[in-house]
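Right, one structure below, let's go through it.
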Amino acid sequence: MTDNIAAASSASGIPSVSDGYVGDPAVQAEWDDRYADRQQLWSGRPNGALVAEVAGLTPGRVLDVGCGEGADAVWLARRGWDVTALEVSGIALERAAGHARDAGLAVHWVHAELTEAALPPASFDLVSAQYPALLRTPDAAAQRALLAAVAPGGVLLVVHHAGMDTQQAHDSGFDPADYVWPSMVIDALDDDWKVEVNEQRPRVAPDGGAGAHHTDDLVLRVRRLR
């Protein structure tokens, strides 16, 4: 983690480390390798489903899970949200912090895996997970961490690529069965939650960037009632 990222995280009052990454080093290394291959991995523009779903929400505290190079975090901060952005790749966080700094925006950066981040419980008015690569575990740790971060009355928004969850394992080693999909988040809900949106829709895809070939989204928006 850079000094800039560490300082921003400490100033936020949200528990995060200033002395290194919290999580599985192999996961960080995998994502750092992906970002190191390109000067820019993503389009640099906010995800369309996020823009559509956030339009009617009053800005408050938001957690951007898997913030990548920071396009969503910067977009949210420009619209008055108090943004905490979490990412496993240090390279991605360096880029994200640079984009926010260039825009004159304050964002709290957390260099950690979601399940290891020790985020304050029930503290975010919006938790946004756009195409997250959250590992599936028998104890549903990632799903529970997403839900635990949402404040009463707040919203969890999970968006993923439609059809990927039913694919077979790829020769590259990617196996969809290893990851968390929106349906698994639904399975983790109890009576404290209301499903507001659960649908497949055409994706509003930014031009360029990895993943631009995907044409449809799975959009899950749930609200914590209490």
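The values are calculated or read from the model by the stated rules, or taken from the named source; none is laboratory data. This one's a predicted model, so the numbers in the text were calculated from it and none came from an experiment. Positions of Cβ are generated from backbone atoms using ideal geometry, with glycine treated the same way; all protein chains shown enter the neighbour counts. Side chains included, ligands, DNA and RNA excluded: accessible areas come from the protein's heavy atoms. Shrake-Rupley method; radii C 1.70, N 1.55, O 1.52, S 1.80 Å.
Results, tabulated for the structure shown:
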{"item": "Residue among V83, V54, V62 that alone is within 19 Å of V222 (Cα to Cα) and under 14 Å from the mean Cα position of the chain (by Cα)", "result": "V62"}
{"item": "In region 119-133, the residues that are open to solvent by 20 Å² or more (accessible area, probe 1.4 Å) and under 23 Å from D178 (Cα atoms)", "result": "Y131, A133"}
{"item": "Condition broken by Q39, with the remaining ones in (1) open to solvent by 60 Å² or more (accessible area, probe 1.4 Å); (2) touching a strand residue (DSSP E or B) at 6+ places or on another chain (Cβ under 7 Å); (3) farther than 27 Å from L218 by Cβ satisfied", "result": "(2)"}
{"item": "V107 being hydrophobic (A, V, I, L, M, F, W, C), in contact (Cβ under 8 Å) with a residue 24 or more places away in the chain and over 23 Å from D187 (Cα atoms)", "result": "yes"}
{"item": "Residues located in region 70-105, provided they are assigned to a strand (DSSP E or B) and either open to solvent by 10 Å² or more (accessible area, probe 1.4 Å) or over 15 Å from L57 (Cβ atoms) (or both)", "result": "D82, T84, A85, L86, E87"}
{"item": "Residues being farther than 15 Å from R224 by Cβ and among the hydroxyl-bearing types (S, T, Y) - total across region 114-144", "result": "3"}
{"item": "Hey, V17 at pLDDT 90 or above and β-branched (V, I, T) or not", "result": "no"}
{"item": "Close pairs from region 112-138: first farther than 22 Å from V54 by Cβ and free of Cβ contacts under 8 Å to residues at least 24 places away in the same chain, partner open to solvent by less than 10 Å² (accessible area, probe 1.4 Å) and part of a loop (DSSP other than H, G, I, E, B), Cβ under 9 Å, at least 6 apart", "result": "T137/V180"}
{"item": "Scan of region 143-166 for residues that are out of contact with any Asp or Glu (no Cβ under 9 Å at 6 or more places or on another chain), modelled with pLDDT under 75 and surrounded by 12 or more Cβ atoms within 10 Å (Cβ to Cβ), ordered by number", "result": "M164, D165"}
{"item": "Matching entry among W81, W75 (being at pLDDT 95 or above and more than 19 Å from P132 (Cα to Cα))", "result": "W81"}
